[in-house]
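Visitor: Pasting a structure below so you can have a look.
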Amino acid sequence: MSDFMQQVLDSAATGSPPWLQDWQRAGRQRWQASTLPGRKTEQWKYTSLQGLQQRFVAANSGDVELSAAGVALPQLGGPRLVFVNGFYSPAQSSLESLPPGASLVRFSDADDQQAKRIRAHLGLATGRDEPLFTALNEAAMSDGVFLDIAPGASLAEPIHVVWVSANQGEAFSVTQRLLVLCGESSSASVIEHFAGGAGGQRSFTNGVTELLLQAGATLCHYRLHLEQEAALHIGRVQARLATGATLNSFHLALGSELKRIDLVVDYCGEGAHCELNGVYLPRGTEHVDYHTCIEHRVPNCTSSETFRGIVGDSATAVFNGRIHIHRDAQKTRAQLNNRNLLTSTQAEVNTKPELEIYADDVQCAHGATVAQLDELALHYLRSRGVSRAAGEVMLSFGFINEVIESIRCEALRDYLQPMLAARFARDPALVGQVA
Amino acid sequence: MSQEHIDQAISREYSAGFISAIESDTLPPGLDEEVICWISHKKGEPDWLLQWRLEAYRGFRQMEEPTWAHVHYPPIDLEAVSYYSSPRSMKDGPKSLDEVDPELLATYAKLGIPLHEQEVLAGVAVDAVFDSVSVATTFRGKLAEAGVIFCPISEAVHSHPELVRKYLGTVVPRKDNYYAALNSAVFSDGSFVYIPKGVRCPMELSTYFRINEAKTGQFERTLIIADEGSHVSYLEGCTAPMRDENQLHAAVVELVALDGAQIKYSTVQNWYPGDAQGRGGIYNFVTKRGVAHRDAKISWTQVETGSAVTWKYPSCILRGDNSVGEFYSVALTNNFQQADTGTKMIHLGKNTRSTIISKGISAGASSNAYRGLVRMSPKAAGARNYTQCDSLLIGDRCAAHTFPYIESRNPSAVVEHEATTSKVSEDQLYLCQQRGLDAEKAVSMIVNGFCKEVFKELPMEFAVEAGKLLEVSLEGSVG
């Protein structure tokens with residue numbers, strides 16, 4: 001393995017609690033024993049890791065003082081946890097409103113009792129035979145967040161976890177880790193929010209989030225990748241659903257030089273349900289790659305997945321949606337839908353919805369489309385006096401708004417809708433037309 | 001049930017699984033440059049073709065066996081395969097059907113393609129490839145009148161060297177992939193078709209392949225050239241005897257549809273699939289590809305019921321503007337069969353269109369995968385693709401997969417893909433049984449309905465055969 005992360009790994013080892021160092025050692029061994037995948041590896045066929053071919057150093061807390069307003073979502077109360085370049089920022093976090101039944105612990109801050117609980121659950125969702133970048137995540141993991149929701153607890157407000165990349169001297173790397181444990185019959189929502197990278201300096205975030213849903217638990221999970229162009233991100237969300245659990249997961253990615261997100265949902269108990277939705281909007285020369293995998297291991301579960309993308313300029317989008325129905329996972333219902341809009345002659349979409357089915361009494365379907373905006377619809381709008389540019393913005397926004405509407409958290413929806421409208425309407429005068 | 005009935009039922013398993021006791025010239029197993037020289041010499045080939053083969057062989061030696069397909073089989077020992085086998089009585093070359101070994105003809109009769117009868121009834125011109133060489137080509141006179149050339153490729157090398165040299169390897173390059181390279185090095189025979197400008201081929205052309213000899217591989221090569229504005233429909237059928245060992249079949253088919261030409265290529269593939277325990281059967285690793293120039297159309301229709309392992313992706317390169325590609329497929333796997341099949345539609349020209357209809361049926365402990373690629377290149381303005389892949393599962397030990405790759409680099413191109421997987425619905429079965437059909441018959445009927453869209457694309461004689469084949473192949477998978 002090339003040593004572009006050498007300095008990061010070395011510095012991670014210092015100052016971490018001993019139990020975390022065991023993880024680091026194991027991760028480092030696996031990482032160093034492997035090589036970076038190239039285009040010949042099926043999983044990386046359309047995504048080049050060329051962007052990683054430079055030296056990254058461990059992050060420090062950055063030279064930019066962020067104002068709390070920059071990371072907070074208006075209208076969203078509730079607890080907020082902010083990390084700048086991977087470092088906890090108490091000044092910008094607000095944990096006063098953390099409701100009873102929920103506890104937030106940082107790995108580096110955990111007492112013996114808490115550390116024991118973290119160790120009992122960390123890595124449960126990622127499993128043993130973990131992918132390369134998860135090994136790297138563990139090798140460089142010096143902190144993380146453990147959100148522990150007690151059985152039966154019901155949290156009204158979402159918990160907002162923000163990771164900000166702020167400029168520092170040279171290209172730097174951030175390791176992010178979140179572990180969410182939803183106790184039996186609990187219900188909660190979590191917003192993971194990535195921001196920053198506007199200064200044009202390269203950063204590389206390697207993120208892993210584990211969601212463990214125990215029997216009957218319900219979790220709404222939102223992961224927003226709002227980082228800019230220079231922020232490289234290789235991330236993974238790994239969820240494990242026990243009997244009767246429900247996961248509602250929404251993903252949004254603006255592009256960057258390299259953004260690759262793997263989403264894996266593992267069904268371990270019957271009667272579980274997952275809804276997985278997402279929107280990706282690369283433009284410029286950006287690249288977004290979503291790989292999703294639904295592992296139906298047990299009978300009587302359902303899943304529904306919708307991803308939509310609008311790809312402009314000379315951007316590239318990759319989508320790979322796999323539904324894997326294991327032997328004996330009878331009575332499964334799974335469906336997946338991926339639709340893409342290409343808005344420029346230079347843009348590119350590579351999509352692959354996959355079905356791998358080993359049980360017969362199942363109902364599965366997937367669909368994928370790639371096209372441009374409907375000329376007829378545009379014509380209709382123009383015949384009613386809407387300019388072509390405005391019509392395009394309206395239709396593009398409408399295309400993804402169907403997915404945005406599925407967000408249950410109203411405050412989040414209210415935040416995203418005008419923001420995305422503004423993204424499509426590069427001419428500010430057009431924003432008002434849609435938002 | 002009487003003994004007679006039982007015997008009948010057993011023999012129905014694979015009706016083409018007999019071995020014809022025909023004396024044959026077979027090369028000892030093994031593969032090196034000498035073998036290639038020997039084959040080339042034996043066939044009296046010109047030097048350019050020998051060099052072409054050797055170049056392919058050297059490329060092949062650099063290549064590795066592909067492992068990306070969703071199939072599992074023990075490694076194939078290419079040194080244990082014999083690369084040439086010809087029925088001995090063919091040595092002097094029959095000039096007409098009367099000179100063909102009567103036992104050979106009886107073999108065909110057993111398979112339901114009596115040449116004489118077909119000559120009269122069906123009006124189909126047949127080129128039959130037995131093991132490695134072409135044994136008989138019927139109706140040549142009549143075709144020659146229309147200017148159509150239809151002959152074994154080994155003969156075309158001599159009689160029409162300019163055409164063969166111009167087009168051979170232009171669609172499937174020598175080093176395209178592992179099995180295509182192997183085929184290019186050792187191909188023994190196959191069909192050659194040339195339809196002159198503006199000619200509508202007066203009858204359907206047909207090739208029939210059979211592997212007979214033990215421990216031999218079959219490496220046929222088909223080249224079809226439809227000149228500007230011409231039209232041809234070509235049928236292909238295949239069978240092999242029942243043997244415990246696995247036999248290798250690595251064919252290459254190249255289609256060239258020049259401006260405004262239309263080629264329709266239909267296959268009913270019924271190689272021996274192995275027995276109910278998964279022993280034996282043919283490894284079918286085939287490269288089929290066509291290039292469609294301006295306003296041309298290439299249509300692949302296939303019914304795949306045989307082979308232990310199938311690895312086959314008939315593809316269309318839509319090079320010319322307004323060209324059309326079609327792929328209609330039914331792939332059925334039963335027992336321990338494995339299939340990884342699909343198509344590639346490469347849209348290069350403007351306003352090119354393609355349609356993919358794929359129906360996969362898995363029964364027993366088999367595995368059936370659709371793997372397809374639709375690529376819209378930056379120049380394919382206004383191109384259109386529609387893909388539909390449906391899978392039907394029969395029994396809880398089988399598997400069905402769908403791996404469609406969609407790559408679009410043109411905003412005005414429209415790609416639509418949909419796929420579904422389900423089992424034979426209990427309601428449908430119940431309805432049929434309520435009306436007095438037994439379960440097996442009912443399933444066969446439902447399956448036939450499921451495949452209807454593809455069957456209607458097949459020429460009539462083939463459609464009937466395909467329906468029967470499905471029925472036979474599904475035997476024992478219900479109840």
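Visitor: With r as the distance between the Cβ atoms of A:GLN21 and A:ARG333 and R0 = 41 Å, compute the FRET efficiency 1/(1 + (r/R0)^6) and round to 0.05. List each step's numbers first, then the result.
Guide: On the way: r = 45 Å, r/R0 = 1.09.
Efficiency for this residue pair is about 0.40.
Visitor: Follow-up. Once you have the Kirkwood Rh of the range B:288-379 from its Cα pairs, apply Stokes-Einstein at 10 °C and 1.306 mPa s and quote D in µm²/s.
Guide: Details: Rh = 13.5 Å.
The estimated diffusion coefficient comes to 118 µm²/s.
Visitor: Rounded to a whole number, what is D in µm²/s for the protein assembly as shown from Stokes-Einstein with the Kirkwood radius over alpha-carbon pairs (20 °C, 1.002 mPa s)?
Guide: On the way: Rh = 30.2 Å.
Estimated diffusion coefficient is 71 µm²/s.
Visitor: Just rank A:THR35, A:THR285, fewest to most, by other beta-carbon atoms within 10 angstrom. List each step's numbers first, then the result.
Guide: Working: A:THR35 10, A:THR285 14.
So the ranking, lowest neighbour count to highest, is A:THR35, A:THR285.
Visitor: Quick check: pseudo-label points 7 Å beyond the Cα along Cα→Cβ at A:GLU42 and A:LEU104, how many nm apart are they?
Guide: Going from the A:GLU42 label point to the A:LEU104 one covers 4.1 nm.
Visitor: Sticking with this structure for a sec: If you average 1/r over every pair of different alpha-carbon atoms in the range A:137-184 and take one over that average, what Kirkwood value in Å do you get? Intermediate results must be reported in sequence, preceding the final value.
Guide: Numbers: mean 1/r = 0.0744 Å⁻¹.
Taking every pair of different Cα atoms in the range A:137-184, averaging 1/r and inverting gives 13.4 Å.
Visitor: Here's a follow-up. Quick one: 3J(HN,Hα) in Hz for the range B:440-445, Karplus 6.51/-1.76/1.60 with θ = phi - 60°, rounded, Gly and Pro as x.
Guide: Working through the residues one at a time gives 5, 5, 5, 4, 4, 5 Hz.
Visitor: Taking a ≥ b ≥ c as the square roots of the Cα gyration tensor eigenvalues, with a/c under 1.5 meaning rounded and otherwise prolate when a/b beats b/c, else oblate, which class fits the range B:267-423?
Guide: Values: a/c = 3.09, a/b = 1.97, b/c = 1.57.
The shape class here is prolate.
Visitor: Still on this structure: Testing the spin-label approximation: label points 7 Å from Cα along Cα→Cβ at A:SER97 and B:ASP427. State their distance in nm.
Guide: With each label placed 7 Å out from Cα toward Cβ, I get 4.9 nm.
Visitor: Listed highest first by mean packing, meaning other Cβ atoms within 10 Å per residue, what order do B:366-375, A:353-362, A:299-308 come in?
Guide: Numbers: B:366-375: 24.8, A:353-362: 23.0, A:299-308: 20.8.
Highest-to-lowest ranking by the protection proxy: B:366-375, A:353-362, A:299-308.
Visitor: Fewest first, what order do B:MET345, B:MET203 take by the number of other Cβ atoms within 10 Å? Provide the component values of the computation, followed by the final result.
Guide: Details: B:MET345 25, B:MET203 17.
With the fewest neighbours first, B:MET345, B:MET203 line up as B:MET203, B:MET345.
Visitor: At 0.692 mPa s and 37 °C, plugging the Kirkwood radius over alpha-carbon pairs of chain A into Stokes-Einstein gives what diffusion coefficient in µm²/s?
Guide: So the translational diffusion coefficient is about 148 µm²/s.
Visitor: Compute the FRET efficiency between B:CYS37 and B:ALA144 as 1/(1 + (r/R0)^6), taking r as their Cβ-Cβ distance and R0 = 25 Å, and round to the nearest 0.05. List each step's numbers first, then the result.
Guide: Values: r = 33 Å, r/R0 = 1.32.
Working from the Cβ atoms, E equals 0.15.
Visitor: Pairs of Cα atoms under 8 Å, at least six residues apart: use those to get the relative contact order of the range A:263-400, whole percent. Write out the running numbers ahead of the final one.
Guide: Details: 336 pairs, mean separation 29.5, N = 138.
Reported as a whole number, the value is 21 percent.
Visitor: What is the mean number of Cβ atoms from other protein chains located within 10 Å of the Cβ atom of each residue in peptide B:389-401, rounded to a whole number? All intermediate terms of the calculation are to be shown ahead of the outcome.
Guide: On the way: counts 2, 1, 3, 1, 7, 1, 1, 7, 4, 5, 7, 9, 6.
That works out to 4 on average.
Visitor: Also: Please state the relative contact order of the range A:6-433 as a whole percent: Cα pairs under 8 Å, 6+ residues apart?
Guide: Working: 1081 pairs, mean separation 42.6, N = 428.
Relative contact order comes out at 10 percent.
Visitor: Mind sorting A:LEU373, A:LEU179 by how few other Cβ atoms lie within 10 Å of their own Cβ, fewest first? Intermediate values should be presented prior to the final figure.
Guide: Working: A:LEU373 19, A:LEU179 23.
The fewest-first ordering by Cβ neighbours comes to A:LEU373, A:LEU179.
Visitor: Follow-up question, since we're still on this one. When a/c is below 1.5 the answer is rounded, else prolate if a/b is larger than b/c, else oblate, so apply that to the range A:360-401 with a ≥ b ≥ c taken from the square roots of the Cα gyration tensor eigenvalues.
Guide: Working: a/c = 3.95, a/b = 3.32, b/c = 1.19.
It comes out prolate by the Cα gyration axes.
Visitor: Mind putting a number on the dipole of chain A about its Cα centre? Charges go on the C-beta only, +1 for Lys and Arg and -1 for Asp and Glu, and I need it in Debye to the nearest 20.
Guide: Values: 36 positive and 46 negative charges, 104 e Å.
It works out to roughly 500 debye.
Visitor: Which FRET efficiency value, to the nearest 0.05, do you get for B:GLU79 and A:ASP3 by plugging their Cβ-Cβ distance into 1/(1 + (r/R0)^6) with R0 = 45 Å? If you can, show how the numbers build up before the last one.
Guide: Details: r = 43 Å, r/R0 = 0.97.
So the FRET efficiency works out to roughly 0.55.
Visitor: Rounded to the nearest 20 debye, what is the charge dipole size of the protein assembly as shown about its Cα centre when +1 sits on each Lys and Arg Cβ and -1 on each Asp and Glu Cβ? Kindly include the intermediate steps, with their values, before the conclusion.
Guide: Values: 82 positive and 106 negative charges, 367 e Å.
Here the protein assembly as shown has a charge dipole of around 1760 debye.
Visitor: Among DSSP beta bridges whose residues both lie in chain A, state the antiparallel percentage, nearest 5. Could the numbers behind the result be given before it?
Guide: On the way: 9 of 141 bridges.
Roughly 5 percent of the beta bridges in chain A run antiparallel, per DSSP.
Visitor: Average the reciprocal distances over every distinct pair of alpha-carbons in the range A:1-157, invert the result, and give the Kirkwood radius in Å.
Guide: Numbers: mean 1/r = 0.0554 Å⁻¹.
Roughly 18.1 Å, rounded to one decimal.
Only the coordinates and a few stated rules stand behind these numbers; no lab work does. Just so it is clear, the model here is predicted, and its values are computed rather than measured. As a convention, Cβ positions derive from the backbone with ideal geometry for all residues, glycine included, and neighbour counts pool all protein chains shown.
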